[in-house]
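Asker: Following this message is one structure expressed as structure tokens.
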Amino acid sequence: MKKASAAVKKSDSGEASEETSPSQLIDARIEELGDWRGQKLAQVRMLIKQAEPEVVEEWKWRGVPVWERAGIICTGETYKSVVKLTFAKGASLDDPTGLFNSSLEGNTRRAIDFHQGDTIDEEALKALVRAAAALNTSSKTAVSRKKSSGT
């Protein structure tokens, strides 16, 4: 199995070089994994893009795929036995179908751990992504209004 670092150029800090886009690094990570985790990461990535077409893909913290719109929506971390989708402001989101199953004790973040064989409630996940993007854009709008009014 080929490592993503061999397929793409990164600096010593693990950040992408200017010639490699974050999307290419995410592609390489999916290929590098080469198992159910890569398939699951590719699936959640597709759902995020479907839910929020204006999403921006980033590559941060020495190799973590990040999806943003007016701030971080979520990150996609891969571990030996889990693919973890962490929502930066997950504690502020309604989760009527109970997708969040990890990091429930925190005041800000919430995560969804996907294990091998888990199915994804695609519509519920897309609703969470849309809600997270809406929260980010409404927060940015509120901050801009506050700054422009001088308060």
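The values are calculated or read from the model by the stated rules, or taken from the named source; none is laboratory data. Predicted, not measured: the structure shown is a model, and the values here were computed from it. We place every Cβ from the backbone using ideal geometry, glycine too, and count neighbours over all the protein chains shown. Calculation scope for accessible area: heavy atoms of the full protein, side chains included, ligands and nucleic acids excluded. Shrake-Rupley method; radii C 1.70, N 1.55, O 1.52, S 1.80 Å.
Asker: Keeping to region 93-116, report how many residues are without any contact (Cβ under 8 Å) to a residue 24 or more places away in the chain and open to solvent by less than 70 Å² (accessible area, probe 1.4 Å).
Answerer: Within region 93-116, residues that are without any contact (Cβ under 8 Å) to a residue 24 or more places away in the chain and open to solvent by less than 70 Å² (accessible area, probe 1.4 Å) number 5.
Asker: Applying the selection to region 60-72, what residues are charged (D, E, K, R) and surrounded by fewer than 17 Cβ atoms within 10 Å (Cβ to Cβ)?
Answerer: Those that are charged (D, E, K, R) and surrounded by fewer than 17 Cβ atoms within 10 Å (Cβ to Cβ): 60, 62.
Asker: Look at region 73-92 and say how many of its residues are charged (D, E, K, R) and either surrounded by 20 or more Cβ atoms within 10 Å (Cβ to Cβ) or outside any loop (DSSP other than H, G, I, E, B) (or both).
Answerer: Number of matching residues: 2.
Asker: Right, here's the next one. Could you please let me know if residue 77 is within 21 Å of residue 117 (Cα to Cα) and of a type outside the set (A, V, I, L, M, F, W, C)?
Answerer: So residue 77 passes the test.
Asker: Considering 38, 34, 71, which residue is of a type in the set (Gly, Ala, Ser), closer than 24 Å to residue 138 by Cα and out of contact with any Leu (no Cβ under 8 Å at 6 or more places or on another chain)?
Answerer: Every option except 71 fails the conditions.
Asker: Return the pair list, or none, for Cβ contacts closer than 6 Å from residues in region 36-62 that are in a helix (DSSP H, G or I) to residues that are among the basic types (Lys, Arg), at least 6 apart or on different chains.
Answerer: 47/126; 51/126; 51/130
Asker: Would you call residue 34 out of contact with any helix residue (DSSP H, G or I) (no Cβ under 8 Å at 6 or more places or on another chain) and either open to solvent by 30 Å² or more (accessible area, probe 1.4 Å) or at pLDDT 95 or above (or both)?
Answerer: For residue 34, the condition - out of contact with any helix residue (DSSP H, G or I) (no Cβ under 8 Å at 6 or more places or on another chain) and either open to solvent by 30 Å² or more (accessible area, probe 1.4 Å) or at pLDDT 95 or above (or both) - is met.
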